[in-house]
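The values are calculated or read from the model by the stated rules, or taken from the named source; none is laboratory data. Everything numeric in this text was worked out from a predicted model, so none of it was measured. A quick note on method: Cβ atoms are made from the backbone with ideal geometry, for glycine too, and the neighbour counts reach across all protein chains shown. SASA here: full protein model, heavy atoms, side chains in, ligands and nucleic acids out. Shrake-Rupley method; radii C 1.70, N 1.55, O 1.52, S 1.80 Å.
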Amino acid sequence: MKRICRITVMLVLSALCQMSCSKQENLNNNGNGDVNNNNKERVIVYTVGQSESQRALATEAEWDALLDQLCDQAQNGIEVTFYNMSPTTCHIGKSTNSPKSPVSISTTSRDEIKAWMKEMEEQGRTVRVTYDSATGTWNGVAYTTMAYTATAIIIGNWHFNSLIVSHIGSNGDLQDSELYVPEEDGGSMYYNFCDNGNMVLTFNAMDGTTAVDSASWTLTDEGRLFSELLPNGGYWDVNWITPSTMIISRIGLNDENDNLYYQMQFDRQRKKLSHP
């Protein structure tokens with residue numbers, strides 16, 4: 001196994017962020033280089049109790065139906081949580097300006113809790129809802145980052161599943177989104193978050209060689225994740241984290257000073273990785 005220097009690792013990660021044309025996949029594009037901002041498609045990741053699922057939704061009717069199902073489960077005494085992992089103009093525009101602190105609600109109205117859940121989804125927040133049958137009260141909390149108390153969940157080996165980079169126009173509109181999946185090029189990447197504050201990045205190249213680098217990682221009191229080995233540096237919001245899945249995002253700039261929205265998805269790697 002080869003060990004590579006920090007600059008080489010950062011060049012690899014920079015290449016992921018810059019998205020060479022041969023590896024781009026424009027999402028929600030109308031074929032003319034513009035995004036259809038009326039597109040209502042969503043990819044919702046959600047938990048009902050300890051069970052995690054994902055569902056692709058094409059219409060507002062499907063979204064409304066899923067919210068009804070989640071409310072039904074909450075009314076049955078099961079905690080439900082969801083996050084829209086599909087970048088949209090509304091999602092990105094509001095998430096850049098909305099406060100980082102959690103937003104909460106308590107109401108006895110099912111219609112009000114549903115409307116609030118929709119509003120929080122539009123802001124790009126992660127939403128958690130419970131129901132108190134003794135008082136008939138719905139309780140909701142919506143987070144920009146879930147990682148306030150998630151240090152123990154983050155620790156472990158994570159497979160880097162995909163990276164989405166969304167270009168944001170000067171008016172805050174989403175211009176286009178590009179998807180990178182390492183396995184499509186024959187490679188793979190793994191991040192090992194160690195409990196001593198060290199992070200180990202393993203990069204398996206398409207030619208069969210393996211490279212390793214390490215750096216520290218931290219989680220702020222506000223639940224924001226930082227490591228020099230994450231693409232493009234900076235602090236990342238932990239939008240979604242369970243024992244199986246982690247989704248992080250941040251706003252940044254490219255070499256042309258264009259505003260970009262980055263979103264990374266990780267899957268838990270159960271098999272323990274070995275390092276020299």
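For the range 199-221, the set of residues classified as surrounded by 14 or more Cβ atoms within 10 Å (Cβ to Cβ) and polar (S, T, N, Q) consists of Thr202, Asn204, Thr210, Ser214, listed by residue number.
For the range 120-143, a residue qualifies if it is without any contact (Cβ under 8 Å) to a residue 24 or more places away in the chain and either crowded, with 16+ Cβ neighbours inside 10 Å or part of a helix (DSSP H, G or I) (or both), and exactly one does: Met120. Here Asn161, Asn196 are screened, and the one residue that is touching a strand residue (DSSP E or B) at 6+ places or on another chain (Cβ under 8 Å) and open to solvent by 20 Å² or more (accessible area, probe 1.4 Å) is Asn161. Every condition in (1) open to solvent by 50 Å² or more (accessible area, probe 1.4 Å); (2) modelled with pLDDT of 85 or more is met by Asn97 except one, and the failing one is (2). Taken over the range 222-254, the residue count meeting the criterion of being in contact (Cβ under 8 Å) with a residue 12 or more places away in the chain, open to solvent by 40 Å² or more (accessible area, probe 1.4 Å) and not small (Gly, Ala, Ser) is 7. For the range 27-59, the tally of residues that are at pLDDT below 85 and closer than 14 Å to Asn84 by Cβ stands at 5. Restricting the range 47-65 to residues that are without any contact (Cβ under 8 Å) to a residue 40 or more places away in the chain and more than 25 Å from Asp111 (Cβ to Cβ), the residue that is most open to solvent (accessible area, probe 1.4 Å) is Gln50.
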